[in-house]
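Here is the structure we will look at, set down as structure tokens.
The values are calculated or read from the model by the stated rules, or taken from the named source; none is laboratory data. These numbers come from a predicted model, not from an experiment. For neighbour counting, all protein chains shown are included, and Cβ atoms are generated from backbone atoms with ideal geometry for every residue, glycine included.
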Amino acid sequence: MSDFTPRVFSGIQPSGGLTLGNYLGAMKRFVDMQNAGTHETIYCMVDQHAITVWQNPEDLRKNTRELAAGFIASGIDPEKSILFNQSQVAEHAQLGWVFNCVARMGWMKRMTQWKDKAGKNSENASLGLFGYPALMAADILIYHATHVPVGEDQKQHLELTRDIAMKFNNDFGTDFFPITEPVIEGAATRVMSLRDGSKKMSKSDPSDMSRINLTDTADDIAKKIRKAKTDPEPLPDTLDGLADRPEARNLINIYAALNDQSPDAVVAEFAGQQFGAFKPALADLAVAKMSPISGEMARLMQDQAEIDRILKRGADRAREIAAPILEKTYDLVGMVR
Ligand code: AMP
Ligand code: TRP
């Protein structure tokens with residue numbers, strides 16, 4: 001199974017409103033993997049996943065381009081990485097159908113994201129929302145991707161991707177699909193709300209103070225960090241001292257991830273200090289790292305034709321990898337071509 005090209009795939013839904021959680025948990029790590037040069041890197045705006053819940057068509061178009069601008073502003077280089085939106089490469093949905101026939105209802109019903117998103121009214125949720133993880137498996141396996149960087153919340157979907165690959169390989173007596181490795185590492189795989197250290201930072205939180213948006217101004221960023229919930233204790237000497245202080249731990253993690261340091265090193269540096277000293281340091285760091293990204297995003301959004309050109313070129317490159325893999329899959333399944 002080791003003769004697969006080292007290849008990274010990951011995706012983000014263009015459902016609007018990128019946060020510091022997306023940036024640190026996903027985009028920044030995508031950029032690091034691109035620049036490491038150890039893998040081919042493929043990054044995708046998963047618009048077909050986005051429509052599993054209602055999207056206003058005009059908003060979807062705008063959010064797809066804004067996400068593309070966010071990727072590029074964060075450091076994704078469309079020459080080094082393949083960058084495109086999912087619906088432009090039909091092979092995702094085509095392989096997704098085959099995987100709908102491999103995955104079992106029982107597997108899907110256990111997905112916590114399905115349970116959370118469908119809620120009590122699951123009879124009224126779309127069939128696409130239920131089948132979402134099979135399409136996600138297809139996104140990854142249509143490129144034979146070996147590694148998938150994601151945040152902690154996607155771990156279960158990655159396990160399901162492995163289960164689908166294994167069942168397909170087993171059912172058809174092949175080792176065609178790789179057993180993909182999730183890459184969930186670093187200080188910021190789960191960035192928490194600035195108002196409540198037990199909740200994930202999310203674009204859907206009703207309080208805008210709970211998150212830093214990629215479009216926030218420098219003043220907004222500094223204000224949100226100044227007002228972030230903390231406790232009256234000084235920072236401890238070691239990370240163990242933060243075990244019961246989720247808000248403090250979150251701010252340390254954010255600092256560490258933004259500054260490419262370990263959380264241990266950050267605690268050691270600020271040991272004994274109050275939040276009155278730590279928060280301004282974090283605010284300065286966050287403004288220095290984040291406001292150039294929002295500025296560059298706004299600049300890129302001025303030229304939508306250029307964004308569309310980049311995505312189209314990315315889609316053409318993606319299809320070159322995906323098409324032969326789909327053909328071979330159909331052949332294995334027994335479809336006459
Ligand atoms: P979403 O916007 O939920 O589609 O997420 C896109 C990517 O960002 C996925 O890889 C998520 O795991 C990651 N992500 C979203 N929110 C957070 C967060 N608060 N902390 C870390 N990663 C996150
Ligand atoms: N489900 C992912 C999320 O909500 C987005 C996604 C779709 C994805 N397809 C993917 C992530 C393939 C990684 C690989 O964040």
Quick one: count up the residues across segment 214-236 that are more than 16 Å from ligand 1 (Cβ to nearest atom) and farther than 21 Å from V266 by Cβ. 5
K115 vs. criteria under 21 Å from the mean Cα position of the chain (by Cα) and more than 11 Å from ligand 2 (Cβ to nearest atom): yes
Would you please name the residue that is farthest from ligand 2 (Cβ to nearest atom), looking only at residues in segment 24-46 that are more than 24 Å from Q88 (Cα to Cα) and either crowded, with 23+ Cβ neighbours inside 10 Å or not hydrophobic (A, V, I, L, M, F, W, C) (or both)? G37
Are any residues in segment 183-213 hydroxyl-bearing (S, T, Y), within 11 Å of ligand 1 (Cβ to nearest atom) and touching a helix residue (DSSP H, G or I) at 6+ places or on another chain (Cβ under 9 Å), and if so, which ones? T189, S193, S202, S210
Is it fair to say G70 is within 14 Å of ligand 1 (Cβ to nearest atom), over 27 Å from K115 (Cβ atoms) and either buried (at least 24 other Cβ atoms within 10 Å of the Cβ) or acidic (D, E) (or both)? yes
Name every residue in segment 183-224 that is more than 22 Å from I72 (Cα to Cα) and part of a strand (DSSP E or B), in order of residue number. M192, K200
Scan the helices (runs of 4 or more DSSP H) fully inside segment 73-182 and keep the ones with 3 or more residues being assigned by TED's automatic domain parsing to the domain that holds A315 and within 16 Å of ligand 1 (Cβ to nearest atom). 112-118, 127-141, 155-171
Which is within 11 Å of ligand 2 (Cβ to nearest atom), over 15 Å from L24 (Cα atoms) and touching a residue at least 60 places away in the same chain (Cβ under 8 Å), of H147, H157? H147
If you check F9 against the conditions, is it more than 13 Å from the chain's Cα centre (by Cα) and closer than 18 Å to H144 by Cβ? no
Inside segment 288-303, can you point out the residues that are assigned to a helix (DSSP H, G or I) and either aromatic (F, W, Y) or surrounded by fewer than 15 Cβ atoms within 10 Å (Cβ to Cβ) (or both)? A288, P292, G295, A298, R299
Can you report the number of residues in segment 1-23 which are away from ligand 2 (no atom under 14 Å from the Cβ) and within 21 Å of S81 (Cβ to Cβ)? 3
Lone qualifier among Q86, Q94 - being touching a Leu at 6+ places or on another chain (Cβ under 9 Å) and closer than 25 Å to Q304 by Cβ: Q86
